[in-house]
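Structure record follows, encoded as structure tokens.
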Amino acid sequence: MQAYIIRRLLALIPTLIFASLIVFITVRLIPGDIIDLMLSSNDIGADKKSRVQLEAALGLDKPMVSQYFRWLGAILFEGSLGKSLWQNTPVMEEILHRLPITFELGLMALFVALIVGIPIGVYSAVRQDTVGDYVTRSFAILALALPGFWVGTLVMVFPSIWWGWSPEVKYIAFTQDPLRNLAQMAIPALILGKAFSAVVMRLTRTMMLEVMRQDYIRTALAKGLATRTTIIRHALRNALIPVVTLVGLQAPVLVGGTVILEQIFVIPGMGLLLLEAVSQRDYPIITGVFLVVGVAVVLINLLVDLSYGLLDPKVRYR
Amino acid sequence: MAPLLSVKGLSTEFRTERGIVKAVDNVSFDLAAGETLAIVGESGSGKSVTAMSILRLIPDPPGKISAGEVMFDGQNLLTLSDEQIRAIRGNRIAMIFQEPMSSLNPSLTVGLQIAEPINLHRKTPWAAAMDKAVELLGRVRMSDAASRVKAYPHQFSGGMRQRAMIAMALACQPQLIIADEPTTALDVTVQAQILALLKEVTRAANSALILITHDLGVVARYADRVCVMYGGRIVEAGPAREIYARPRHPYTIGLMASVPRLDQEAGSRLVPIEGSPPNLANLPPGCAFAPRCRRATDLCRNHRPLLVQSTPDHLSACHFHAQLSANVGT
């Protein structure tokens, strides 16, 4: 198992090099580079001289290949992701500051997805083709169909018009006031988790229907077990294996969702950092965020693969 | 003495796209304590559905027990509440299924699955129930039982899994064990071992056994009495020895001619039964076996023969049961 984990972590290296290369190049290809932005925002005359000076100061005058290797070298030898081109603050520090916030949001969304999706999926399968099944399935389609950014905007706007209430927009850190922090994160987490919970529900339902037809379920009933015990002890565990796979596959989708929802609910996480960095063409931050997200996604999928070993005794890692 | 199990007029239907199918039609039989009854027939003859109906394990919908009663130790199983029938399942009546590969849960240890009915019905704590599971695995001659309880089904061979299933069935010392083709999915070499084991452990526990099979060879060796089913109905019933020696239904005769026997003349050919099993959704008005029967007459094709006493302990549903007994083997 240890050898397996080490091998998986080693496989991370080429993935990350490839991903960082793509991100590194593409952000520099976006029309309107950082120099244009700086020159226009600072009211400095956009003459040829100041442009060259700025490029030299930011290290953007070198060929892209050498920029890339300098960036890579800094990571490998100094453990540094460079500095923000605007604030001149270390990127690593900024990311480490915001990572826990996004992690919390993503984790809460995942929690929502599983706590809503699995029980409803089981219910829907056990009551196949009844009114309850149709109602829950319709809600699942609805939850999938409504885009998160739209629901988020509605939640921000309408309660304030109707009741003079709106979600908190000043971020409260968990360390500061855990309860208010959780309350603040709950709404974006619900919205982020809603589509995911619909997918989990549909998959759980399908898998439960499949598993409930298996011979070992008949064996369990023939032993005299109640339907409830049969479902929980004999069916659920086997039905959940693909759901775990889904969690790994959906992790990047969740990250994408946080970018939008952090913007709407003004949560200072990685998503908001990324959005600001993209609009300001703050190249080191963009590449840094993508690198960290890449590592996170690969690690989540490694965890998913390892958890198969707990659910499915046939899986053994060598 | 009243029989342990008395099935009377049992009928089970399935709703399908092509209408209602009577998988089991008016089936009756008795079983005494400690006795072994074989239910014989081809696939689709209704033998498995009969077995599942006794414990009400027919999935509803699409299935439904439409008539009859199943008296077990003085109570009708078909009218019990869900809770009452659950108290009987795995406790006083246990089942062994055909597919040992898929009948055990792949994600739970074998020991837990054997201990489960003990924990459920005897309220034995898990640790003690697991000790019992080790003992039960020893009783079905599993070597190294103490470590085997911690294994998962995929680590077992087919024969070992079926031993585990037998151990599971024995867990609560049931008065009746229903074994639904327990050896069909196993290697020939293992089949005999499993059957001998099943017979031995049921005898030791004084449990009655319903052995569902399509193998007449099995019947001769292990059963006290036999019911032969065809098209959802019982066509012949009686003591195993009697039926084996003097079959009184053309279908049973056909079955016997299609099975190799050691006392046959060398070089003699096996005779298959021509045609295929009947479509239960569309049974002929007369005898269900008539389309495949070489002796069939217009009487057979138009009038369904009833199950009648051919001799005091031998029932047959053939219009010509009396003539048949005289010329077996022709």
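Rg (Å, one decimal) plus Dmax (Å, integer) for the alpha carbons of segment B:1-145?
Radius of gyration, then largest Cα-Cα span, for segment B:1-145: 17.4, 52 Å.
Over all distinct Cα pairs, what is the inverse of the mean 1/r for segment B:198-280, reported as the Kirkwood hydrodynamic radius in Å? It would help to have the intermediate numbers written out before the result.
Details: mean 1/r = 0.0700 Å⁻¹.
One decimal place: 14.3 Å for the Kirkwood radius.
Can you give the convex hull volume per residue for the Cα atoms of segment B:4-63, as a whole number of Å³?
Working: hull volume 4.8 nm³, N = 60.
Taking the convex hull of the Cα positions in segment B:4-63, it is 80 Å³ per residue.
Rg to Rh ratio, segment A:1-158, alpha-carbon atoms and Kirkwood radius?
On the Cα set of segment A:1-158, Rg over Rh gives 1.14.
Can I get the semi-axes of segment A:149-262's equivalent ellipsoid? Compute them from the C-alpha gyration tensor as square roots of 5 times the eigenvalues, in angstrom, largest first.
Result for segment A:149-262: semi-axes of 40, 16, 14 Å.
Please check: in the Gaussian network model of chain A (C-alpha springs, under 10 Å), which one of A:N181, A:N301, A:N88 has the largest mean-square fluctuation.
Highest fluctuation among the options: A:N88.
If amide H atoms are built 1.01 Å from N in the plane of the peptide, which residues on other chains or at least 5 residues away come under 5 Å of the amide H of B:T36?
Amide H neighbours of B:T36: B:L209, B:D224, B:R225.
Working from the alpha-carbon coordinates of segment A:100-311, get Rg over Rh, Rh being the Kirkwood radius.
Rg divided by Rh gives 1.04.
Would you work out the charge dipole size for chain B about its Cα centre, treating the Cβ of every Lys and Arg as +1 and the Cβ of every Asp and Glu as -1, and quote it to the nearest 20 debye?
Around 40 debye, computed over chain B.
Taking K and R as +1 and D and E as -1, what net charge do the other residues with C-beta under 15 Å from the C-beta of B:A223 add up to?
-4
Provide the descending list of Cα extents for the protein assembly as shown along its principal axes, expressed in whole angstroms.
Over the protein assembly as shown, Cα extents along the principal axes are 120, 57, 49 Å.
Just to verify a number: FRET efficiency for B:A151 and A:V295, C-beta to C-beta distance, R0 = 30 Å, to 0.05?
0.20
Taking Cα atoms of segment B:114-199, Rg/Rh with Kirkwood Rh, to two decimals?
Rounded to two decimals, Rg/Rh equals 0.96.
Per-residue HN-Hα couplings for segment B:161-174, Karplus 6.51 cos²θ - 1.76 cosθ + 1.60 at θ = phi - 60°, whole Hz, x for Gly and Pro?
Each residue's phi maps through the Karplus curve to give 5, 5, 4, 4, 5, 5, 4, 4, 5, 6, 3, 9, 6, x Hz.
Less than 15 Å Cβ to Cβ from B:P125, Lys/Arg counted +1 and Asp/Glu -1: what total charge do the surrounding residues give? It would help to have the intermediate numbers written out before the result.
Details: positive: B:R122, B:K123, B:K132; negative: B:E116, B:D131.
Around B:P125, the surrounding residues sum to +1.
Expected output is a single nm value to one decimal: the length gained when fully extending between A:E168 and A:E276, i.e. 0.36 nm times separation in residues minus the C-alpha distance. What is it?
Contour length minus the Cα-Cα distance gives 36.8 nm.
Calculate the dipole size of the protein assembly as shown relative to its Cα centre from +1 charges on Lys and Arg beta carbons and -1 charges on Asp and Glu beta carbons; express the result in debye to the nearest 20.
Numbers: 61 positive and 50 negative charges, 248 e Å.
I would put it at about 1180 debye.
Please list 3J(HN,Hα) in residue order for segment B:215-231, calculated via the Karplus relation 6.51 cos²θ - 1.76 cosθ + 1.60 where θ = phi - 60°; whole Hz, with x for glycine and proline.
Couplings: 9, 5, x, 4, 4, 4, 7, 10, 9, 7, 10, 10, 10, 9, 10, 8, x Hz.
A:Y4 versus A:I30, label points 7 Å from Cα toward the beta carbon: distance in nm?
4.0 nm
Net charge around B:K47, counting only other residues with Cβ within less than 10 Å of its Cβ (Lys, Arg = +1; Asp, Glu = -1)?
Net charge in that neighbourhood comes out at -3.
Go ahead and set up a Gaussian network model of chain A, Cα springs under 10 Å, then flag whichever of A:R205, A:R51, A:R228 fluctuates most.
Per the Cα network of chain A with a 10 Å cutoff, A:R228 tops the list.
Show log10 I(q)/I(0) for segment B:192-330 at q = 0.12, 0.22 Å⁻¹, two decimals, from a solvent-free Debye sum over equal Cα scatterers.
Evaluating at q = 0.12, 0.22 Å⁻¹ gives log10 I(q)/I(0) of -0.53, -1.42.
Using only alpha carbon pairs under 8 Å that are at least six residues apart, calculate the relative contact order of segment A:222-318 and give it in whole percent.
In percent, rounded to a whole number, it is 30.
Which residues' amide hydrogens lie under 5 Å from the amide hydrogen of B:S310, considering only partners 5 or more residues apart or on another chain, with H built in the peptide plane?
Under 5 Å from the amide H of B:S310 lie the amide H atoms of B:L315, B:S316, each far enough along the sequence or on another chain.
So what's chain B giving for Cα Rg divided by 2.2 N^0.38 Å, two decimals?
So chain B has a normalised radius of gyration of 1.03.
Throughout, read-outs are computed from the coordinates displayed, never taken from laboratory work. Computed from a prediction, not measured in an experiment: that's the story for all the values here. Note: ideal-geometry Cβ built from the backbone for every residue, glycine included; neighbour counts use all protein chains shown.
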